[in-house]
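Chemist: Below is one structure. I have some questions about it.
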Amino acid sequence: MAYTKNDIMTLKDKTGAGMLDCKKALDASDGNMDKAIEFLREKGMATAKKKESRVACEGIVDSYIHMGGKIGVLVEVNCETDFVARNEKFRQFVHDVALQIAASNPSYVRREEVPAEVLEHEKEILRVQARNEGKPEKIIERMVEGRINKFYEDFVLLDQTFVKDPSKTIQTLLNEATQSIGEKISIRRFVRYAMGEGLEKKADTFADEIQNAIDLANK
């Protein structure tokens, strides 16, 4: 059974799961909405929606410093109670988020934070690319809407693939943490510093170095 972009949005509204997770659920369920919802619930992705209205004003600020001090990250993640803020699972989740930011260098936490002018600029680039490929004008806007997801996956934290487990997005990781801990969890803000950032220097493959560090830690 085929499905459309509207089906993805409907599933997102019903479950609170991320766009990529909704697409995967519809793929796995052959486009069947009820089966897709069941798929998300089984994966722990559909429970966070129920907690969105709660207030999360506790939490912690965590840091991640890359080996040798080349990258530093500070991230604030909120929860509902101080008890959960001291919970080991919560703290591990926050630390994983800090590591993700260090490795993948997102610019925004969520899609809603992308300024309209930035989004329009990216879409215009995609329009030009489509025209250069000889695509008909009548399908270009539809192509742009599909391709803009790659921008989100690159620059929006919640849409990024988790560096420690590529089968998950950070949104999936957040939903799983919410289900496991039982409180609303919200990634509020972050800042990332790279040594020599803005100065002319040889490019370093920070993401590869961080992945190597993860591999060594898991041995």
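The values are calculated or read from the model by the stated rules, or taken from the named source; none is laboratory data. None of these values were measured; they are calculated from a predicted model. Note: ideal-geometry Cβ built from the backbone for every residue, glycine included; neighbour counts use all protein chains shown.
Chemist: So which residues in the stretch 168-186 are more than 22 Å from Lys24 (Cα to Cα) and at pLDDT 90 or above?
Modeler: First pass over the stretch 168-186, keeping only residues more than 22 Å from Lys24 (Cα to Cα): 181-186.
If the condition is that a residue be more than 22 Å from Lys24 (Cα to Cα) and at pLDDT 90 or above, then Ile185, Ser186 are the ones that fit.
Chemist: Kindly check whether there is at least one residue in the stretch 152-165 that is modelled with pLDDT under 90 and exposed (fewer than 15 other Cβ atoms within 10 Å of the Cβ). Write out each step before concluding.
Modeler: In the first step, residues of the stretch 152-165 are kept if they are modelled with pLDDT under 90; the result is none.
No, that holds for no residue.
Chemist: Against the condition surrounded by 12 or more Cβ atoms within 10 Å (Cβ to Cβ), assigned by TED's automatic domain parsing to the domain that holds Gln92 and out of contact with any strand residue (DSSP E or B) (no Cβ under 7 Å at 6 or more places or on another chain), how does Asn105 come out, does it pass? Walk me through it before giving the result.
Modeler: Details: surrounded by 12 or more Cβ atoms within 10 Å (Cβ to Cβ): yes; assigned by TED's automatic domain parsing to the domain that holds Gln92: yes; out of contact with any strand residue (DSSP E or B) (no Cβ under 7 Å at 6 or more places or on another chain): no.
No; evaluated as a whole, the condition is false for this residue.
Chemist: Tell me which residues, restricted to the stretch 104-122, are part of a helix (DSSP H, G or I) and either more than 21 Å from Val75 (Cβ to Cβ) or among the charged types (D, E, K, R) (or both). Break it down stepwise before answering.
Modeler: Step one: of the stretch 104-122, the residues part of a helix (DSSP H, G or I) are 104, 111-113, 116-122.
Listed by number, the residues that qualify are Arg111, Glu112, Glu113, Ala116, Glu117, Val118, Leu119, Glu120, His121, Glu122.
Chemist: Only one of (1) among the aliphatic types (A, V, I, L, M); (2) in contact with a strand residue (DSSP E or B) (Cβ under 8 Å, 6 or more places away or on another chain); (3) more than 25 Å from Asn6 (Cβ to Cβ) fails for Val114. Which number is that?
Modeler: (3)
Chemist: Hey, could you check the stretch 152-187 for residues that are hydroxyl-bearing (Ser, Thr, Tyr) and under 11 Å from the mean Cα position of the chain (by Cα) and say which is nearest to Glu58 (Cα to Cα)?
Modeler: Of the residues in the stretch 152-187, the ones hydroxyl-bearing (Ser, Thr, Tyr) are 152, 161, 167, 169, 172, 178, 180, 186.
From what is left, the residues that are under 11 Å from the mean Cα position of the chain (by Cα) are 152, 161, 169, 172.
Values: Tyr152: 28, Thr161: 26, Thr169: 24, Thr172: 21 Å.
Going through the qualifying residues, I end up with Thr172.
Chemist: With the requirement that a residue be over 18 Å from the mean Cα position of the chain (by Cα) and over 11 Å from Ile185 (Cα atoms), what does the stretch 65-84 give you?
Modeler: Hits for the stretch 65-84 are Ile65, His66, Met67, Gly68, Gly69, Lys70, Ile71, Gly72, Asp82, Phe83.
Chemist: Just one of the numbered conditions (1) closer than 22 Å to Tyr3 by Cβ; (2) touching a residue at least 40 places away in the same chain (Cβ under 8 Å); (3) of a type in the set (D, E, K, R) is not true of Lys168; which one?
Modeler: Here Lys168 meets the rest and fails (2).
Chemist: Separate question: Given the residues Ile125, Ile101, which is the only one that is closer than 24 Å to Lys24 by Cα and either over 18 Å from the mean Cα position of the chain (by Cα) or outside any loop (DSSP other than H, G, I, E, B) (or both)? Before you say what the answer is, go through the steps one by one.
Modeler: Numbers: Ile125 fails: closer than 24 Å to Lys24 by Cα.
Residue meeting the stated conditions: Ile101.
Chemist: Oh, and also: Go through the stretch 72-93 and give me each residue that's of a type outside the set (S, T, N, Q) and not in a strand (DSSP E or B).
Modeler: Here is the first cut: in the stretch 72-93, the residues of a type outside the set (S, T, N, Q) are 72-77, 79-80, 82-86, 88-91, 93.
Selection gives Glu80, Asp82, Phe83, Val84, Ala85, Arg86, Glu88, Lys89, Phe90, Arg91, Phe93.
Chemist: Another one. How many residues does the stretch 11-38 hold that are surrounded by fewer than 16 Cβ atoms within 10 Å (Cβ to Cβ) and part of a helix (DSSP H, G or I)?
Modeler: 7
Chemist: If you scan the stretch 99-115, which residues turn out to be under 16 Å from Leu173 (Cα atoms) and of a type in the set (Ser, Thr, Tyr)?
Modeler: Answer for the stretch 99-115, where residues must be under 16 Å from Leu173 (Cα atoms) and of a type in the set (Ser, Thr, Tyr): just Ser104.
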